[in-house]
Structure formats: structure tokens, C-alpha cells
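Worksheet for the structure shown next.
The values are calculated or read from the model by the stated rules, or taken from the named source; none is laboratory data. Just so it is clear, the structure is predicted and the values come from calculations on it, not from any experiment. Cβ coordinates were reconstructed from backbone atoms using ideal geometry, including for glycine residues, and neighbour counts include every protein chain displayed.
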Amino acid sequence: MTRKTVRIAMNGVTGRMGHHQHLVRSILAIRRQGGLDLGDGTVLWPEPVLVGRRAHALDALARQYDLEHRSTDLDTVLADPAVEIYFDAQVTSAREEALRKAIAAGKHVYTEKPTATGLAGALELARLAQEKGIRHGVVQDKLFLPGLLKLKRLVDGGFFGRILSVRGEFGYWVFEGDWQPAQRPSWNYRAEDGGGIVVDMFPHWEYVLHELIGRVRSVQALATTHVPQRWDERGKPYAVTADDAAYGIFELEGGAIAQINSSWAVRVGRDELVEFQVDGTEGSAVAGLRGCRVQHRSATPKPVWNPDLPATEAFREQWQEVPDNTEFDNGFKAQWELFLRHVYADAPYHWDLLAGARGVQLAELGLRSSAEGRRIDVPEIAL
């Protein structure tokens, strides 16, 4: 076996998602398993270079995980020929410029979404990457959740027949920050910093719907701010300038209709923080982060509406759990491994910057739909 060290600049790993999911549960997890075996006698050994604005936070991470390389100077890191991959998990408003620099430096890029604050910028990034001839990928982690992998298994197996509709519920109560600390950083609620639930979640819904059911052809959305004041990390009140809830209807290629509610101002009455119900002519399924339940046409009960009597059926008990049938790895780690195989073993990979641009497009059109109060077509995009 030949071990190849792959030095990866990881920008934004002092944040919650970059730290836990990408650094610890992905890159360091790959190291804990002995590297990534490419199957040709080569094992990739990822060597993270921690990048950020706060030197003390980078130093703390480096000590905690016994890592050698960190820097607050992105330009210097990108000028280092030993760094081959640039990863970005910064705040949205800082991402586009950093990705442009990494592409110009000839680095392969892998990034959180949204890739830019607008469609024009997202498409330009994809064009620049194509012209530079680098490999590029965008995190689309929900495709790798056990519940959605089971849902895809059902779709691919023809379980649903003709798919009619998708109903999605996502969200939880994010504390305002006055009497309990908020679970999300304050920039999420400032539009000027790239915050807002439409910008955050509509890119997720784009790739989930696109990959599992069909391309989004139109969007009608209502975005709103339910909680107008919050308290930041220093305990100071601030006015919320971004939407914290969005209610969207999406027409999909093939005729199915998706309705997805997203909110940081809702208390959870579901089994999981996100759930999708897919209904088809032959069967239905409800998928969450990990679980997936089905009800086939042949086993569908016949409820009768009678508001004068209490319910006589336990509806949840009438569904069958889909078995795992395999072991599911962390979704972020699984996609990291696919991207590394794409870069170093030429494995196929289509979750690229153009796919990321589709998510930015849907968020942009969703906000426009809300502002104008009408349904808007979603044209196909290409380079």
C-alpha cells in the first residue's frame, strides 16, 4: 500500500457545522479508519490545514485534535503548492470571494451551500471552475441520510407507482437568545450577512426533490419573519432582518407537487426534525433523518370521516418500517469520500458547482415569489 498525503485547506471549521460534521466526523474520521483506500494500492491520508479569522480558536482546535497546520492568512495557504483541495464552511457572505481565490489558485474546491449569494455569482463560480479544469463539489448531505437513502431505494424500485405529491416538514424552535442561548449563530437572522431560512433551506429542497422525484419546474413561496427580535452571542438584542420561516409549493417535472414548510419558529410535533411524506398511486412513505415507514396500496386501510366519534384506528401503527439492510455511515463523511475518489481516482461525481447553482437559483426565485406574491417558473440552467 502507498499512502498519499492530501493537504486540505479547511476554512470555517471553527463554526458548528465545519467543526463537528466536516472536520471531526468526516476528515478526522477518515484518518481514524486508516485513510481512504482507493482500491488500487493507494490510501489517501487527509491532512487538514485549519483556516479562519480567529487565531486563538484555530490554536484550540489544533491542540484538541493534535493537528499541525493552521493559518489566518487564506492567501498564503492558497499559494502553498502542497495544498491541493480548498474546503469552505464560512458564513455565506464570505464564501463566493474565497472560492474565486481558490479556483484562481488551481485548487480543487469542495464547499458548503449556498455557493454564492445570487445565481449570477454561483454560475460564474461554476464557469470559472470548468475553465480552470479543477474538480469541484458542493455539500448535499441530506441525500446521504439513512431515511432518504431508504426513500431513494423505494423510488428506484418502483414502489410508489406514479408519484403524486411530496409533503415536507422541517424545523424546530430556535431560542431567541434572551433567557436561553440560541442554537444557531446570530448571522443566520441577518439578511445582510447572508442569513435567512430560504437561502439556507431551499437549496437543500432543490437537490432532494431533483435527485429523488424530479426537477423543480415552478415555485410559489411565502417567506416571513415570525420572531422580529433576537439576542446575539454577546447577549445584545438585535432586529431580525431575514426570514425565519418559509412555506413553499414546488411543481416538479413529471407532474408531482411538493409542499415543504421550513421554520425556526416551530415546536416539533414529529418523530424527527425533518420528515417527507411521498404519496403515489401504489404506495406511500414517510421518511425522516434515519427512519422510513411505508404503506402499500394493498395494505391501505379505509378510514371514514366521522367527527362525532373518537378515532378507532391507530394510524401510525398501520405503517411498516423499512429495514436498514446495510450500514449507513455519516452522510457528510460519505460524501467527502466520494469527492476524494472523484479527485484522485476519477470516480464519477455530479454534485458540482452547477448543481449548487440550482439551489441558489431556487432560493433566489423563492424570495422573489414571496415578494411578488405569485408562482414563478424555474428555468433550467447550464454553462
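Keeping to the stretch 16-36, report how many residues are surrounded by 19 or more Cβ atoms within 10 Å (Cβ to Cβ) and among the polar types (S, T, N, Q).
Of the residues in that region, 2 qualify.
Looking only at the stretch 157-165, decide whether some residue is modelled with pLDDT of 95 or more, of a type in the set (A, V, I, L, M) and either over 25 Å from residue 351 (Cβ atoms) or under 17 Å from the mean Cα position of the chain (by Cα) (or both).
Residues of the stretch 157-165 modelled with pLDDT of 95 or more: 157-165.
Next, from what is left, pick out any that are of a type in the set (A, V, I, L, M): 163-164.
This time we only want the ones that are either over 25 Å from residue 351 (Cβ atoms) or under 17 Å from the mean Cα position of the chain (by Cα) (or both), so: 164.
Within the stretch 157-165 (the criterion being modelled with pLDDT of 95 or more, of a type in the set (A, V, I, L, M) and either over 25 Å from residue 351 (Cβ atoms) or under 17 Å from the mean Cα position of the chain (by Cα) (or both)), the answer is yes, since at least one residue qualifies.
Any chance you could count how many residues in the stretch 31-51 are more than 22 Å from residue 107 (Cα to Cα) and part of a helix (DSSP H, G or I)?
Of the residues in that region, 1 qualify.
Of the residues 233, 206, only one is in a loop (DSSP other than H, G, I, E, B) and either closer than 23 Å to residue 90 by Cα or of a type in the set (Asp, Glu) (or both); which?
233
Sort out which residues of the stretch 38-56 are of a type outside the set (Phe, Trp, Tyr), surrounded by 13 or more Cβ atoms within 10 Å (Cβ to Cβ) and touching a strand residue (DSSP E or B) at 6+ places or on another chain (Cβ under 9 Å), and write them in order of number.
38, 42, 43, 44, 46, 47, 48, 49, 50, 51, 52
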